[in-house]
Structures are given as C-alpha cells and as structure tokens.
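The values are calculated or read from the model by the stated rules, or taken from the named source; none is laboratory data. Everything numeric in this text was worked out from a predicted model, so none of it was measured. For neighbour counting, all protein chains shown are included, and Cβ atoms are generated from backbone atoms with ideal geometry for every residue, glycine included. Surface areas here come from the heavy atoms of the whole protein model, side chains and all, with no ligands, DNA or RNA. Shrake-Rupley method; radii C 1.70, N 1.55, O 1.52, S 1.80 Å.
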Amino acid sequence: SRLRAGGIKVALLEPYPGDMAMESTFLFNYEHAGYQAAAQMAIKGATHLAVARHLLPPSYQLVRQGMARAARELGLVLGEDLVFGPRPACDATLPTEVAARLCPLPPTTGILAMQGRLGEILYDQWLAPGGPPRQLFALCSSASEPYPPVTRILFPRRAQLLAAIHYALDPQRPPERVVHEEFALEFHPPGEKRMTEATSGALPSLTHGAPS
C-alpha cells in the first residue's frame with residue numbers, strides 16, 4: 001500500500017497466505033485446477049485421491065483445496081499426502097521410498113504429483129506396464145522438458161506475464177485501482193500436442209464453481 005501511495009504499481013504473480021483483496025493480482029487458478037484434476041480422475045475410474053509432494057507452498061495448498069472440494073462433491077476419498085522431504089534429484093533412495101508409500105494405496109487411487117521429479121518416479125512405480133489402469137497427473141513447469149506420458153498440468157506463464165506487463169504500462173489503470181486477473185492451468189493428456197503460448201493468449205477469468 002505504501003508503494004501504491006507513492007505512485008508505484010505492484011503486480012503479484014503468486015498467492016500468499018492472507019487477504020489479497022486489496023492487491024493487484026495475476027494468478028493461476030490453482031483451486032480450479034485441483035478440482036478439475038480430481039474430477040477427470042474420477043471420470044476415469046478413481047475412487048481415492050492422493051497428493052504426492054515435497055513442500056506445500058500457498059499455491060499448492062490451493063490445488064489441494066480444489067481436490068478436497070471435488071472429493072466432497074463427488075464422493076471420493078482424499079487420503080493423506082504422500083510427503084517426501086526435499087532432496088537432490090539424483091538421490092537413489094527416493095524410488096525405494098516412493099514404492100513403499102504406494103503399496104498400501106487402493107489401485108483405484110488417482111495421484112497428483114506436485115513436482116516433476118516425483119512425477120517421473122511415480123510413473124515408473126504407479127503406472128507399471130501390464131498393471132491395472134491407474135490415474136497419474138503431474139504439475140509440470142515447462143512444456144519442453146522431458147516427461148513421462150502422464151497427464152500434464154501446465155502453467156500459461158507467458159499469458160500471465162504479458163497481462164502483468166500490460167497492467168504496469170497502462171496509464172489508464174492507476175496504482176490505486178485494484179486489478180484481479182486469473183488464468184486457467186492447461187491440461188494435456190499423454191500424446192496431446194500442446195498449443196503454443198504464443199497463440200494461446202490470455203485465458204478468461206474463472207469462477208470457483210465446478211468445471212463444466
């Protein structure tokens with residue numbers, strides 16, 4: 001507020017705990033993404049849900065809140081998070097730990113991996129060739145990075161950044177005018193060609209209702 005009073009615009013690109021109503025925000029709709037992931041897994045036969053993660057920043061808390069809302073509305077069981085402490089990507093003990101944590105899960109559990117490295121290991125452990133059909137979604141920071149054939153949830157960062165830059169440079173929107181823009185995360189099933197951010201543009205704002 002002090003910066004705005006001094007004529008400086010502030011655009012926030014990530015959520016933080018607390019009330020952001022008086023801040024100008026350009027945020028991904030994490031809660032909606034969590035709901036949509038859970039709903040898609042339910043359509044494909046999942047009866048249980050789980051989140052696999054290292055840390056849980058505010059953005060991922062919103063993803064989990066969306067999954068919890070979907071679980072309540074769709075009659076799913078959201079289990080405890082599969083928490084694996086942060087460690088180097090080359091840590092050879094992680095696959096063994098992941099395998100042990102997956103053993104007690106019902107085969108109809110749909111898992112959302114919050115980090116790319118976990119998504120890779122879960123793919124090897126949870127979607128073994130010849131095994132039962134299981135659901136695995138993964139948050140993926142880059143469309144170009146190598147990734148196993150799972151449903152990827154991608155961030156339209158270019159659209160987000162362009163919207164924030166346009167706000168910062170627009171003389172018709174003074175610092176004291178609060179702006180809120182939301183961007184939907186993109187879901188891409190295995191093998192689907194992703195539309196480039198150069199052509200996708202900004203996505204419309206979403207309500208917090210159930211996905212259509």
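One table, with the values for the structure above:
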item	result
Apportionment of accessible area to carbon and sulfur, the range 26-109, percent (1.4 Å)	63
Karplus-derived HN-Hα couplings along the range 97-104 (A = 6.51, B = -1.76, C = 1.60, θ = phi - 60°), whole Hz, x at Gly and Pro	5, 4, 4, 5, 6, 7, 3, x
Principal axis dimensions, largest first and in whole angstrom, of the range 16-92 by Cα	41, 38, 17
Amide H contacts under 5 Å for V179, placed H, 5+ residues apart	S24, T25
At R0 = 22 Å, FRET efficiency that the Cβ-Cβ distance of H180 and I8 yields, to 0.05	0.75
